[in-house]
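The values are calculated or read from the model by the stated rules, or taken from the named source; none is laboratory data. Quick caveat, the model's predicted, so the values are computed rather than measured. Glycine gets a Cβ as well: all are built from the backbone with ideal geometry, and neighbour counts include every protein chain shown. In case anyone asks, the SASA skips ligands and DNA or RNA and just uses the protein heavy atoms, side chains included. Shrake-Rupley method; radii C 1.70, N 1.55, O 1.52, S 1.80 Å.
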Protein chains: 4
Amino acid sequence: MTSKPIIRDVRKADFEQWQALWAGYNAFYKRTGPTAVSDEVTRTTWARFFDAYEPMHAMVAEHDGRLLGLVHYIYHRNTTMLGPACYLQDLFTAPDARGHGVGRALIEAVYDRAAAAGSPRVYWNTQENNDTARKLYDQVADLTDFLLYRKTI
Amino acid sequence: MTSKPIIRDVRKADFEQWQALWAGYNAFYKRTGPTAVSDEVTRTTWARFFDAYEPMHAMVAEHDGRLLGLVHYIYHRNTTMLGPACYLQDLFTAPDARGHGVGRALIEAVYDRAAAAGSPRVYWNTQENNDTARKLYDQVADLTDFLLYRKTI
Amino acid sequence: MTSKPIIRDVRKADFEQWQALWAGYNAFYKRTGPTAVSDEVTRTTWARFFDAYEPMHAMVAEHDGRLLGLVHYIYHRNTTMLGPACYLQDLFTAPDARGHGVGRALIEAVYDRAAAAGSPRVYWNTQENNDTARKLYDQVADLTDFLLYRKTI
Amino acid sequence: MTSKPIIRDVRKADFEQWQALWAGYNAFYKRTGPTAVSDEVTRTTWARFFDAYEPMHAMVAEHDGRLLGLVHYIYHRNTTMLGPACYLQDLFTAPDARGHGVGRALIEAVYDRAAAAGSPRVYWNTQENNDTARKLYDQVADLTDFLLYRKTI
């Protein structure tokens, strides 16, 4: 890339390119077969990005009309803060666009949004063995000693 | 205890007893001095439990009029599910009431609520070295291999 | 009716009976043809009643297993109150069950919920010429001198 | 005014000027004495404008650094729509700035926001005898035949 990608809110016209990135992201997490993200979930999540009542947002990295990456973030309440926490749930860069700072730019764009939005904390989860991603995360955020427990209802 | 505590929604009349448990919980996490939970946050969080617009809830374990434990949980959106995720943020049992299943009963009450509420997942974070709590958590939920990164804005 | 109907939260098993009442309600408002409430809206609204993240609720009046009426209410913010306003959006009694206090019982059940939920105000809109309904409303609430303006976007 | 005011989101630095407009607005509605909007409500409402979790927003009309008007709007669910309704709750123009299209510009800015936000309907209430305001409203929106009933809980 001879110039930097721009980071911007997702638009309805982005659907096809976003869906391809979203599929790549879900494939990385091996959400296939019975654990695949259904079309209904994808459509609902997409619609929620454009529903002003939902505190769920998406930004993309764009370069020459091509989407190189996505980030999804959600504001929610927290018992120890007045303002909302900002959960950066999903981050993905197209494989052939890696190594150019797209992921970092997307994370930093979320920081800017959270700051403007009165949210004192951005957080996310990543798998212990995700060495590539963690190299970046160790530079831009703090690793805690918290584990994640989960129960499917 | 010769009988089991009951698990119920918190009530406004519980404030003093709840506040003592909440203080004990925050002391456990060493939220003191500059990182203490302020009175304003405590009052706001308490008010949110009784504000039907806020998806933030609290239950307590009560035995003979005494509150033995608390649990706080919050529903929020998630990009991979139609229904909300249920974040069990805080769980605490009074030190002298431990070993009688209060924590487990509070967690299971959240499971029941989440099931009734169309929430397919309950989750929480706990510190790696919290061996006592983890003995219980390993019995009632699944440990994932996710780490938690955090950025203060 | 030899006994009074019970007022309770709607359940998933109520769908068919609820849908019939909902259709009757929408027919009353002449939402047909191009202004009909679509199946997608009906399904989404129904799902929202069971989504704990959505502050949208439904109760029904039941007698001997038959649903006689419905009420839908929504909590939302208001700039002049700390707690949420409660918008009683829809109220309907099956035509052959009218005159037995079903509508009044449904409204009063919403009052009870709002009181428990920290909501200081319940409100609704009704058409000026809806004399039958207004006879009841004039007994249980206060008519204001506010008109309703609306812009379709 | 030799140039048009700009319409923009409210900023924290606007507090004093906003508060003066808000006081003027509440005085118009005779919210004084026991029905006055308390300082706590004013502070909470102001904080909510800057809380990304709250679907409550404010814009102001600014000219040469002076705020001439305000508009507050809130997104909330509605049983007959997929996207949220947009409730334009408060609109006020400083008395000495009237007659220059400030109110209309604020309303139209809300329309733009609602359109971008996937909200198919903007609505508001106004008192029947508010002839001045209604002259404007009749030009930019549709008067319905709905009355407003209200119950203080």
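Determine, yes or no, whether residue B:136 is open to solvent by less than 20 Å² (accessible area, probe 1.4 Å) and under 25 Å from residue B:21 (Cβ atoms).
Details: open to solvent by less than 20 Å² (accessible area, probe 1.4 Å): no; under 25 Å from residue B:21 (Cβ atoms): yes.
The answer is no for residue B:136.
Can you run down the residue pairs with Cβ atoms below 9 Å, 6 or more apart or on separate chains, where the first is in the stretch D:125-150 and on the phi > 0 side of the Ramachandran plot and within 9 Å of chain C (Cβ to nearest Cβ) and the partner is of a type in the set (Phe, Trp, Tyr) and open to solvent by 30 Å² or more (accessible area, probe 1.4 Å)?
none
Take the residues in the stretch C:43-63 that are β-branched (Val, Ile, Thr) and surrounded by 19 or more Cβ atoms within 10 Å (Cβ to Cβ), then tell me which one is farthest from residue C:92 (Cα to Cα). Please lay out each step first, then the result.
Of the residues in the stretch C:43-63, the ones β-branched (Val, Ile, Thr) are C:44-45, C:60.
Imposing the further condition that a residue be surrounded by 19 or more Cβ atoms within 10 Å (Cβ to Cβ) reduces the set to C:45, C:60.
Numbers: C:45: 16, C:60: 9 Å.
My answer is C:45.
Has the stretch C:28-48 got any residue that is more than 7 Å from every other protein chain (Cβ to nearest Cβ), under 25 Å from residue C:5 (Cβ atoms) and touching a His at 6+ places or on another chain (Cβ under 8 Å)?
Looking for residues that are more than 7 Å from every other protein chain (Cβ to nearest Cβ), under 25 Å from residue C:5 (Cβ atoms) and touching a His at 6+ places or on another chain (Cβ under 8 Å), one finds none in the stretch C:28-48, hence no.
Please work out if residue A:32 is at negative phi and open to solvent by 60 Å² or more (accessible area, probe 1.4 Å). It would help to see each step written out before you state the result.
On the way: at negative phi: yes; open to solvent by 60 Å² or more (accessible area, probe 1.4 Å): yes.
So residue A:32 passes the test.
Scan the stretch A:1-25 residue by residue and report those that are open to solvent by less than 30 Å² (accessible area, probe 1.4 Å) and at pLDDT 95 or above.
The answer is A:8, A:10, A:14, A:18, A:21, A:22, A:24, A:25.
Yes or no: residue A:73 within 14 Å of chain D (Cβ to nearest Cβ) and hydroxyl-bearing (Ser, Thr, Tyr)?
Working: within 14 Å of chain D (Cβ to nearest Cβ): yes; hydroxyl-bearing (Ser, Thr, Tyr): yes.
In short, yes.
Would you mind finding the one in D:77, D:66 that is of a type in the set (Lys, Arg), open to solvent by less than 40 Å² (accessible area, probe 1.4 Å) and over 15 Å from the mean Cα position of the chain (by Cα)?
Values: D:66 fails: open to solvent by less than 40 Å² (accessible area, probe 1.4 Å).
That would be D:77, the only listed residue that is of a type in the set (Lys, Arg), open to solvent by less than 40 Å² (accessible area, probe 1.4 Å) and over 15 Å from the mean Cα position of the chain (by Cα).
Is there a residue in the stretch C:93-106 that is within 30 Å of residue D:89 (Cβ to Cβ), modelled with pLDDT of 95 or more and surrounded by fewer than 18 Cβ atoms within 10 Å (Cβ to Cβ)? Spell out the reasoning first.
Step one: of the stretch C:93-106, the residues within 30 Å of residue D:89 (Cβ to Cβ) are C:103-104, C:106.
Add one more test, that the residue is modelled with pLDDT of 95 or more, and what stays is C:103-104, C:106.
Retained after the next criterion (residues that are surrounded by fewer than 18 Cβ atoms within 10 Å (Cβ to Cβ)): C:104.
Yes: one or more hits.
Of the residues in the stretch C:66-116, how many are in a helix (DSSP H, G or I) and under 15 Å from residue C:20 (Cα atoms)? First the steps, then the outcome.
Narrowing the stretch C:66-116 to residues in a helix (DSSP H, G or I): C:95-97, C:102-116.
Next, only the ones that are under 15 Å from residue C:20 (Cα atoms) stay: C:95-97.
The number of residues fulfilling the criteria is 3.
Assess whether residue B:102 counts as being over 18 Å from residue A:124 (Cβ atoms) and in contact with a helix residue (DSSP H, G or I) (Cβ under 8 Å, 6 or more places away or on another chain).
Spelling it out, it is not the case that residue B:102 is over 18 Å from residue A:124 (Cβ atoms) and in contact with a helix residue (DSSP H, G or I) (Cβ under 8 Å, 6 or more places away or on another chain).
Pairs needed: first member in the stretch C:111-124, more than 7 Å from every other protein chain (Cβ to nearest Cβ) and in contact (Cβ under 8 Å) with a residue 24 or more places away in the chain; second member anywhere, open to solvent by less than 10 Å² (accessible area, probe 1.4 Å) and among the basic types (Lys, Arg); C-beta distance under 7 Å; at least 6 residues apart or different chains.
Pairs found: none.
From the set of residues in the stretch D:117-142 that are within 11 Å of residue C:146 (Cα to Cα) and assigned to a strand (DSSP E or B), which is nearest to the chain's Cα centre (by Cα)?
At the first step, the residues of the stretch D:117-142 found to be within 11 Å of residue C:146 (Cα to Cα) are D:124-130.
Still in the list and also assigned to a strand (DSSP E or B): D:124-127.
Values: D:124: 9, D:125: 11, D:126: 12, D:127: 15 Å.
Among them, the one singled out is D:124.
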